[in-house]
Amino acid sequence: MIKLAIVSPCYNEEEVLDQSAKRLTALFDELIEKDKISKDSFVLLVNDGSKDSTWSIISRLHKDNAHFKGLNLARNVGHQSAIMAGMMTAKEWSDAVITIDADLQDDLSAIEKMIDDYANGYDIIYGVKVSRKADPVLKRMSAVAFYKLQSKMGVESVYNHADFRFMSKRVLDTLAKYQEKNLYLRGLIPMLGFPSTTVDDIISERTAGSSKYTLKKMMSLALDGITSFSVKPIYGIMYLGIIFIFISILIGFYVLYALWSHTAVHGWASLMLSIWFVGGITLISVGVVGLYVGKIYKEVKGRPLYNIKDVLDKNDK
Ligand code: UDP
Ligand code: MG
């Protein structure tokens, strides 16, 4: 029987944590009853440098409930790195890990299906959102546009899959070898190449609290999702440059013609326009190159993704 670990990143989740813990306990009871998971399966709650009482709630849950373990990060490192910290810790104590957001907006009933798929030989099982009705319209639209852009850029990822997924221990051991600092798990996991499948994930609304994903965090995840896996934007700049050289040759012919036909001078407007336009293109291009240089800078320093402050694990005592 599989010893399952559920890893959940928590950032300022004091409002929702107790409800989520209740729902997870009920799920564990059910799965243990059905002999799907072993009795020592556990939930690892990762506190991602919360400013509220999240960590004391996790400590209390750990004290009162044998299923709950805790990991306290030294500071806020963001969703992806917090999941990584949890997975790398949990894999040492379990056969497989499922990651799920602490607000449990994902479909808990999909977890049993994931375990069945694992028994049928799959190593990675992606939760795929079949209905995003609970997501705000703007979020839904931007997400779909982003998935499309990503696939145009040649990034392989699972459509409408966020970070609700099942991974076996050998997948996680392989993942541990990847030393990426610009972490985008949705792009990285499919690259590992283990047998994988999907299960439906019906998203519901948050039961309490509000979204911890600020626009800034979402934008930075989206940028990582493209620039960590595709060099097409840099190549795009080169093509843009070629197009511009071609246009400037045409303009050159026009200038010669204007000189020859004595109709020069009146071109102030077009001159101003092109200065601004080319200036803008140059800035964007330098910016995109800068994005990649910034990434190289981060990778080269090789700093750890996270630092663990405390571990709550009864087995250690
Ligand atoms: N989260 C995190 N660190 C952060 C921001 C968010 O660990 O810096 C966690 C958060 O606690 C939640 C998950 O990431 O478990 C997803 O966040 P949220 O539910 O707020 O995002 P949404 O569902 O609105 O996209
Ligand atoms: Mg959420």
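Annotations
- Odd one out for residue 74, checked against (1) more than 23 Å from the chain's Cα centre (by Cα); (2) touching a residue at least 12 places away in the same chain (Cβ under 8 Å): (1)
- Residues located in the range 207-230, provided they are open to solvent by less than 50 Å² (accessible area, probe 1.4 Å), within 16 Å of ligand 1 (Cβ to nearest atom) and part of a loop (DSSP other than H, G, I, E, B): 208, 209, 212
- In the range 151-180, the residues that are under 22 Å from residue 216 (Cβ atoms) and at pLDDT 90 or above: 162, 163
- Top-ranked residue in the range 295-317 [being touching a helix residue (DSSP H, G or I) at 6+ places or on another chain (Cβ under 9 Å) and part of a helix (DSSP H, G or I); ranked as nearest to residue 236 (Cα to Cα)]: 295
- Those residues of the range 184-205 which are crowded, with 18+ Cβ neighbours inside 10 Å and either within 16 Å of ligand 1 (Cβ to nearest atom) or charged (D, E, K, R) (or both), in sequence order: 184, 185, 186, 201, 203
- Among the conditions (1) in contact with a helix residue (DSSP H, G or I) (Cβ under 8 Å, 6 or more places away or on another chain); (2) closer than 19 Å to residue 207 by Cα; (3) without any contact (Cβ under 8 Å) to a residue 24 or more places away in the chain, the only one that residue 39 does not satisfy is (2).
- Some residue of the range 231-244 being under 19 Å from residue 84 (Cα atoms), assigned to a loop (DSSP other than H, G, I, E, B) and open to solvent by 60 Å² or more (accessible area, probe 1.4 Å): no
- The listed residues are 57, 6, 83, and the only one of them that is in contact (Cβ under 8 Å) with a residue 40 or more places away in the chain, within 16 Å of ligand 2 (Cβ to nearest atom) and either open to solvent by 10 Å² or more (accessible area, probe 1.4 Å) or not in a helix (DSSP H, G or I) (or both) turns out to be 6.
The values are calculated or read from the model by the stated rules, or taken from the named source; none is laboratory data. Nothing here was measured: the structure is a model prediction, and the numbers come from that model. Positions of Cβ are backbone-derived with ideal geometry, glycine not excepted, and every protein chain shown enters the neighbour counts. Ligands, DNA and RNA are excluded from the accessible area calculation, which covers all protein heavy atoms including side chains. Shrake-Rupley method; radii C 1.70, N 1.55, O 1.52, S 1.80 Å.
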